Amino acid sequence: MANQVEFKQLGFLRGHADWVTTIITNQDPTLADLVISGSRDKSVLVWKLFKQPDGELAGQPRKQLKGHSHFVSDLVLSNDNKYLLSASWDKELRFWDLVNGTCTNRFVGNKKEIFTCAMSPDNRQILCGGAERKFKLYNVKAEEKLTQQNHFHADWISCVRYSPIIKNIQPYFVTVGWDGWLKVWNQNFTIRFQFKAHDSQINSVAINPSGEYIATGGKDKKLYIWNITDLKKPAFEYDAGGIINQLAFHPQQNWIVAATENGIKVWQISQEEKAETKTPIVTLDHHTETAVAGGVKKIQKHGAVSVALDANGAKLYGGFTDGSILVWEVSTKN
């Protein structure tokens with residue numbers, strides 16, 4: 001690598017009592033940090049970040065959004081950062097006014113658990129998927145507009161994401177599922193591409209800022225990056241060494257970040273087929289120590305479940321199975 005990369009742990013955000021399943025940040029670099037997390041403890045926390053006297057970053061829940069009766073599985077933030085969409089295993093989506101901290105709409109058309117949700121780039125359409133094995137389309141008023149009619153997944157839909165609006169690429173959205181299939185859909189809900197991308201369940205899909213690359217990962221511990229213009233085989237592939245729970249592209253660097261059962265791993269995406277380019281540039285883990293009999297300390301490692309980066313990629317947030325969110329400062333030097 002030409003640049004030297006440093007990941008400095010800044011601190012912890014503590015407030016959840018169970019797995020942190022999803023983290024989102026505002027994507028406007030001119031605005032102050034906005035960090036929101038969802039958990040298996042059924043709550044959504046809106047965080048206020050501050051520095052402690054020792055310089056360590058800490059967070060305090062500024063708002064706690066309650067209402068879901070089961071695990072919170074996914075979150076989406078509106079472009080103006082005023083509204084939040086949450087998905088839950090309680091079979092509901094909820095639309096929140098972040099200024100008031102109130103739920104303005106409930107989406108109750110699903111008959112089974114919802115694992116994923118997405119909002120179109122213009123914030124006018126909402127997609128969700130889960131145990132029903134087909135996606136549903138709503139408007140922001142919680143009115144159901146469409147239920148998938150064909151090309152169904154053979155198992156649960158684990159993740160749905162919209163592509164960004166890019167001049168040279170026709171807009172699309174993607175779904176992945178426990179059946180190992182990746183499906184690319186046109187805006188009119190016709191299928192563009194579909195194929196078995198993994199041998200077992202896919203847990204996460206991410207689309208890079210240019211809309212050119214799609215990353216997939218899951219139970220088979222393989223991370224594949226696909227070029228939307230040529231999906232015959234992965235453009236890049238990496239061995240994560242553990243089950244991949246969530247993926248995110250860096251907003252500025254050519255990096256892919258994975259939350260895995262063995263911690264957070266970051267790869268630089270490189271055309272060079274060298275051994276060192278297949279190795280993560282960093283692995284960030286989280287462990288706690290507890291005292292046992294005889295003064296011996298027991299070390300327990302915690303798996304990474306979720307990951308997010310701020311708008312300029314200067315902070316990386318990782319959600320773990322013990323309910324903690326760890327924050328790292330990301331810096332590069334020539």
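The values are calculated or read from the model by the stated rules, or taken from the named source; none is laboratory data. Bear in mind that the values here come from a model prediction, so they are computed numbers and not experimental data. Positions of Cβ are backbone-derived with ideal geometry, glycine not excepted, and every protein chain shown enters the neighbour counts.
Which of the residues spanning the range 64-81 are closer than 17 Å to residue 34 by Cα and either at pLDDT 95 or above or part of a strand (DSSP E or B) (or both)? Don't jump to the end; show me each part of the working.
Taking the range 64-81 first, the residues closer than 17 Å to residue 34 by Cα are 64-65, 74-81.
Matches in the range 64-81: 64, 65, 74, 75, 76, 77, 78.
Rundown of residues vs (1) acidic (Asp, Glu); (2) over 27 Å from residue 36 (Cβ atoms); (3) touching an Asp or Glu at 6+ places or on another chain (Cβ under 8 Å), yes/no style:
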{"residue": "261", "(1), (2), (3)": "yes, no, no"}
{"residue": "271", "(1), (2), (3)": "no, yes, no"}
{"residue": "283", "(1), (2), (3)": "no, no, no"}
{"residue": "299", "(1), (2), (3)": "no, yes, yes"}
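Does residue 233 qualify as being free of Cβ contacts under 8 Å to residues at least 40 places away in the same chain, surrounded by fewer than 17 Cβ atoms within 10 Å (Cβ to Cβ) and either in contact with a strand residue (DSSP E or B) (Cβ under 6 Å, 6 or more places away or on another chain) or under 30 Å from residue 39 (Cα atoms) (or both)?
It is false that residue 233 is free of Cβ contacts under 8 Å to residues at least 40 places away in the same chain, surrounded by fewer than 17 Cβ atoms within 10 Å (Cβ to Cβ) and either in contact with a strand residue (DSSP E or B) (Cβ under 6 Å, 6 or more places away or on another chain) or under 30 Å from residue 39 (Cα atoms) (or both).
Which ones in the range 248-297 are of a type in the set (Ser, Thr, Tyr) and part of a loop (DSSP other than H, G, I, E, B)?
The answer is 270, 279.
Looking at 263, 242, 294, 303 in this structure, which one is farther than 30 Å from residue 168 by Cβ, over 19 Å from the mean Cα position of the chain (by Cα) and not hydroxyl-bearing (Ser, Thr, Tyr)?
After applying the criteria, what remains is 294.
From the residues in the range 24-42 that are at pLDDT 95 or above and in contact with a Leu (Cβ under 7 Å, 6 or more places away or on another chain), which one is farthest from residue 314 (Cα to Cα)? Spell out the reasoning first.
From the range 24-42, those at pLDDT 95 or above are 24-25, 35-42; that's our starting set.
If we keep only those that are in contact with a Leu (Cβ under 7 Å, 6 or more places away or on another chain) as well, we get 24-25, 35-38.
Working: 24: 14, 25: 12, 35: 14, 36: 17, 37: 18, 38: 22 Å.
Step by step, filter the range 24-42, then rank; the result is 38.
Go through the range 298-333 and report how many residues are modelled with pLDDT of 95 or more and polar (S, T, N, Q).
Qualifying residue count, the range 298-333: 3.
Suppose the filter is modelled with pLDDT under 95 and under 21 Å from the mean Cα position of the chain (by Cα); does residue 165 pass it?
yes
Give me the strands (runs of 3 or more DSSP E) completely within the range 1-62, filtered to those with at least 1 residues that are aromatic (Phe, Trp, Tyr), ordered by residue number.
On the way: elements: 4-14, 20-25, 35-39, 44-51.
Correct list: 4-14, 44-51.
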